[in-house]
1. Provide the per-residue ³J(HN,Hα) series for region 32-37, in order, calculated from phi with Karplus coefficients 6.51, -1.76, 1.60 and θ = phi - 60°, each as a whole number of Hz, with x at glycine and proline positions.
2. How many Å² of accessible area per residue for the chain, probe 1.4 Å?
3. Please compute one quarter of the surface area of the Cα convex hull for the chain and express it in square nanometres.
4. Is the shape of region 76-135 rounded, prolate or oblate, going by the alpha carbon gyration tensor and its root eigenvalues a ≥ b ≥ c, with a/c under 1.5 for rounded and a/b larger than b/c for prolate?
5. If you line up the Cα atoms of region 1-104 on their principal axes, what length do they span on each, largest first, in Å?
6. Separation of region 8-74 and region 322-377 by C-alpha centroid, Å?
7. Of the candidates Ala177, Ala162, Ala370, which one comes out as most mobile in a Gaussian network treatment of the chain with C-alpha springs shorter than 10 Å?
8. Counting Lys +1, Arg +1, Asp -1, Glu -1, what net charge surrounds Pro127 among other residues with beta carbon under 9 Å of its beta carbon?
Amino acid sequence: MKIELTTQQKDAQAEFRAFVNSEVIPYANSYDQEERTPTKLIEKLAQHGYLGAVLPKEFGGKAMNTIAYGLLNEEIGRGCSSLRSLLTVHCMVAHALCKWGNKSQKDYWLPKLASGEVIAAFALSEPNVGSDAKSIETTATLSGDSYILNGHKKWITYGQIADIFLVFAQCSGKPSAFLVEKNSPGLSIQPISGMLGVRASMLAELQFQDCRIPQENLVGKLGFGFSYVASSALDYGRYSVAWGSVGIAQACLEACIQYTSKRKQFGVYLKEHQLIRQMITEMIANVKAARLLCYQAGYLKEIGDPSSITETSIAKYFASTTATKVANDAVQIHGANGCTSEYSVARYLRDAKIMEIIEGSTQIQQITIADYGYQEYLSQPAPIVSQKLLART
């Protein structure tokens, strides 16, 4: 069966691609070198409605279906992984709030998130806590009609410019989620620079020292922080990163097609060398395979199939490892040129490596997928083997 996009999805894809080609790709290398995303670009992202991609129309969102949202992440990821990471974390918070926030939180915050008036960041990781997210050390203590937060968050994407943070903390030993505004007393924000990849994503550290927030800023119930709020957000984050990884791989493929068609070695274009053709073939096949896994995950999300969570992990695992392999080959094909800032493939390789770490590392995905495999296949009845066949063996 051939997977066909709807006319609406094709039109959306063309729109996304045109936006990225004109507004992102020509400047992406400079964003990487300057380690910042211009405010005007974020405003353009908001004007197109992309920051409200996952939100219902009643809150001013675009109400994109999951395939269209995936295509948006692929195209923006093709242009600039840092900008795609803004879309990821902002939409993670928007999705979590839409699903677990109370009515007043939704009515107040979601229209602002949809319009881009407010930029949101996801604050889960800590200096001592990464993959073991349930072991967060930041604490929240109820004091009168307020919560008092103490702790330290690190690697917070777009934390330098976010207006509001979805912060996870232990409250009486129960992981819980809270909305914290950037100007909350007791919150200090320090920029992080010099990262390997996604350098324009303006990472920050957050320090909470008796940070007081209103009691009504609790999202969901006490103890809902990881199992419900964070899990639903991270699932959307993995989906976004999977598609963004396809975007990186696609950008590498396009760069290599262009380069090998113009560069000559030993009197012929690079594309005429058999080993180059082998590398291009593997790129094409792996990019297509990764994209199909993302389509599968998106379709299952769209119909509400519970297996979409596992399929998203599979898509994220394959697409992110594919992006790293394809980007590594792209640099190899470009030779010394691929090791300079003049060619984007160096940035693609650095960004691709980050895709294997964020929203669940490659190793965490391997554990998750293997667990699924044992549960899935051991629950099936064993095949009947004839005694005659056993005798022969």
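1. Once θ is set to phi - 60°, the couplings for region 32-37 become 4, 5, 7, 6, 7, 10 Hz.
2. In whole numbers, the chain has 47 Å² accessible per residue.
3. About 24.2 nm², averaged over all directions.
4. Oblate.
5. Taking the Cα atoms of region 1-104, the three principal extents are 42, 41, 22 Å.
6. Rounded to whole Å, the Cα centres lie 22 Å apart.
7. Evaluated over the chain, the most mobile residue of the options is Ala370.
8. -1
The values are calculated or read from the model by the stated rules, or taken from the named source; none is laboratory data. This structure is a prediction, so every number in the text was calculated from the model and none was measured. For neighbour counting, all protein chains shown are included, and Cβ atoms are generated from backbone atoms with ideal geometry for every residue, glycine included. These accessible areas exclude ligands, DNA and RNA; they are computed on the full protein's heavy atoms, side chains included. Shrake-Rupley method; radii C 1.70, N 1.55, O 1.52, S 1.80 Å.
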